[in-house]
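See structure below.
The values are calculated or read from the model by the stated rules, or taken from the named source; none is laboratory data. As the structure is a computational prediction, the values presented were derived from the model and not from experiment. Note that each Cβ is placed from the backbone with ideal geometry, even for glycine, and that neighbours are counted across all protein chains shown. Calculation scope for accessible area: heavy atoms of the full protein, side chains included, ligands and nucleic acids excluded. Shrake-Rupley method; radii C 1.70, N 1.55, O 1.52, S 1.80 Å.
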Amino acid sequence: MITIKDLRKVYRQGSDTVVALDGVSLEVPTGKIHGIVGHSGAGKSTLVRCLTLLDRPTSGSVNVNGQDLTNVSDSKLRDARRRIGMVFQHANLFDSRTTAQNVAYPLELTGVSKSEISRKVSELLELVGLAKFANAYPSQLSGGQRQRVGIARALATDPDVLLCDEPTSALDPQTTDEILELVKKLRDRLNITVLIITHEMHVVKQACDSVSLLEAGRIVEHGELAEVINTPGSRLAATLLPLPGDTPTGETQGPILDLLYSGEQASEPVISMITRTFDIDVNVLAGSVEQLGEHQFAHLRIQLPLGTDVARVREHLLANGVAVTEKGGN
Ligand SMILES: Nc1ncnc2c1ncn2[C@@H]1O[C@H](COP(=O)(O)OP(=O)(O)O)[C@@H](O)[C@H]1O
Ligand SMILES: [Mg+2]
């Protein structure tokens with residue numbers, strides 16, 4: 001479990017101040033994977049530096065399984081850092097060390113015995129599927145394999161939290177999915193808490209239980225995927241379930257609604273429900289249905305006949321668990 005409370009980071013540049021984190025609060029339960037998305041400059045890297053204690057926050061706290069990491073003395077910093085394992089965009093391996101030696105590195109720093117290191121390294125390489133590559137050097141590995149080494153190394157000190165900063169941004173789509181599958185497997189096996197910083201919605205869809213949108217140092221939207229998608233007007237929802245291509249406005253003129261919903265209602269029942277209840281023709285302009293984690297989600301853009309009582313349709317849809325946003329139709 002990681003609990004971040006009102007984290008602020010203010011940088012001073014001469015007489016100017018930059019508020020990089022403006023009161024970030026977040027709670028991720030043990031065994032859950034949380035995605036943090038945001039544009040460049042949103043504060044993602046600053047958040048990573050504050051969480052790994054490379055940078056001291058100006059105020060606020062970071063708590064991992066009951067221990068406040070922001071309050072530890074400099075002498076305890078190294079121990080505190082071990083509670084958060086770090087995975088980077090590029091694995092950042094030592095080229096002169098083999099796979100096994102790279103994974104052993106953080107353990108060598110802790111003064112663990114050689115036999116214990118060797119046992120732990122074998123176990124970790126088995127876990128990430130690299131047992132056969134123990135003696136290979138980074139130059140002999142693929143990008144995905146190098147990232148697996150980086151993940152095994154991050155897990156060497158048995159951290160409570162795995163913090164992944166753009167872990168798949170340098171990988172092709174297939175390798176991305178393999179790495180995300182591995183992260184989910186590790187979460188299940190080790191019951192570890194995972195934070196993934198990413199700009200890729202694909203990563204959120206494939207791996208995350210919940211998500212936050214970081215903007216100008218603040219979390220402006222957050223929640224479990226199903227919650228976010230059922231929030232009318234959610235920007236995360238719209239980017240998680242984009243409508244395909246340009247949407248034609250249709251032959252007839254009339255109000256346009258965007259519908260987002262989860263659950264087992266396929267698109268068909270929702271449309272026929274409106275048609276039956278209001279005795280109107282519904283024109284579907286665009287739609288996408290996707291499986292995110294355990295649930296199915298749909299995003300539909302529909303047009304109603306001119307003169308429809310939109311407020312009543314909206315009310316009816318909301319009562320049936322459908323989030324509705326009106327698209328300023330004519
Ligand atoms: N060391 C620093 N000194 C001054 N300003 C910084 C420093 N690091 C980051 N910033 C500023 O903080 C804001 C957030 O930056 P950053 O955390 O790098 O965002 P992101 O990783 O989301 O692109 C930006 O406005 C950036 O210019
Ligand atoms: Mg950054």
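Please tell me if Leu213 is at pLDDT 95 or above, open to solvent by 10 Å² or more (accessible area, probe 1.4 Å) and either farther than 21 Å from Glu178 by Cα or in contact with a helix residue (DSSP H, G or I) (Cβ under 8 Å, 6 or more places away or on another chain) (or both). Yes: the conditions hold for Leu213.
Ile84 satisfies every condition listed in (1) within 15 Å of ligand 1 (Cβ to nearest atom); (2) buried (at least 16 other Cβ atoms within 10 Å of the Cβ) except (1). Residue count for segment 18-45, restricted to those that are over 18 Å from Gly60 (Cα atoms), open to solvent by 70 Å² or more (accessible area, probe 1.4 Å) and either away from ligand 2 (no atom under 16 Å from the Cβ) or in a strand (DSSP E or B) (or both): 1. With respect to the stated conditions, Ser118 is part of a helix (DSSP H, G or I), of a type in the set (Ser, Thr, Tyr) and within 15 Å of Asn135 (Cα to Cα).
Of all residues in segment 1-17, how many are near ligand 1 (Cβ under 10 Å from one of its atoms) and either open to solvent by 70 Å² or more (accessible area, probe 1.4 Å) or not in a strand (DSSP E or B) (or both)? Give the derivation first.
At the first step, the residues of segment 1-17 found to be near ligand 1 (Cβ under 10 Å from one of its atoms) are 9-13, 16-17.
Checking the rest, the ones that are also either open to solvent by 70 Å² or more (accessible area, probe 1.4 Å) or not in a strand (DSSP E or B) (or both) come to 12-13, 16-17.
Number satisfying all stated conditions: 4.
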